[in-house]
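Derivation of every value follows stated rules applied to the coordinates shown; laboratory data play no part. The structure displayed is predicted, hence computed values, not measured ones. Because the Cβ atoms are built from the backbone with ideal geometry, glycine has one as well, and the counts that use them run over all protein chains shown.
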Amino acid sequence: MPKEIKNIGEEYKRLSKESFDAATRSFGEMNKGFQALAAEMTDYSKRTFDDVFRAWEQLLSAKSVEQMIEIQSQYAKKAYDTHTSEMSKLGEMYVAIASGAAKSVEQATTGSAETAE
């Protein structure tokens, strides 16, 4: 019986270490993903600011009301398209972060289940 208890203790230590390693990998994956998200959002903000600035420059140099309306229409269309595209891209990035983090945990649990059998 003491040998069985020792084996249970060793198995518990092994599983604890594997779980800790999986959590560490998972947090590492999430951290990389959030850094990529922050970089993407910063880039998007810069591009949006540049687009707004260009639109204002064009509006200030417009010669007629019709030209101003055309500039506003073009800006609104571009802003909508850019925003829609960016939100789709960010959504995909969030899904990639979640699946990458879950994959580390899944690999650890699958590995644990296989060694327990």
Starting with the fewest neighbours, write out L60, L15 ranked by other beta-carbon atoms found within 10 Å of each beta-carbon.
-> L60, L15
With axes computed from alpha carbons, what is the tilt in degrees of helix 2-60 against the longest principal axis of the chain, rounded to the nearest 10 within 0 to 90?
-> 0 degrees
Which trypsin sites (Lys or Arg not before Pro) from the stretch 1-99 combine a DSSP loop assignment with at most 16 other Cβ atoms within 10 Å?
-> K63
Pull out the extension gain between S61 and Y94, defined as 0.36 nm times the separation in residues minus the alpha carbon to alpha carbon distance; nm, one decimal.
-> 7.8 nm
For the chain, with the dipole built from +1 on Lys and Arg beta-carbon atoms and -1 on Asp and Glu ones, taken about the Cα centre, which of G9, M87, F49 lies farthest toward the positive end?
-> G9
Tell me, what are the semi-axes, in whole angstrom and largest first, of the equivalent ellipsoid of the chain as set by the roots of 5 times the Cα gyration tensor eigenvalues?
-> 57, 11, 5
E106 versus K17: modelled label distance in nm, points set 7 Å from Cα along the beta carbon direction = 2.6 nm
Magnitude of the charge dipole, the chain, Cβ model with Lys/Arg +1 and Asp/Glu -1, debye to 20 | 240 debye
With Cα atoms, 0 to 90° folded angle of helix 65-116 axis to the chain main axis = 0 degrees
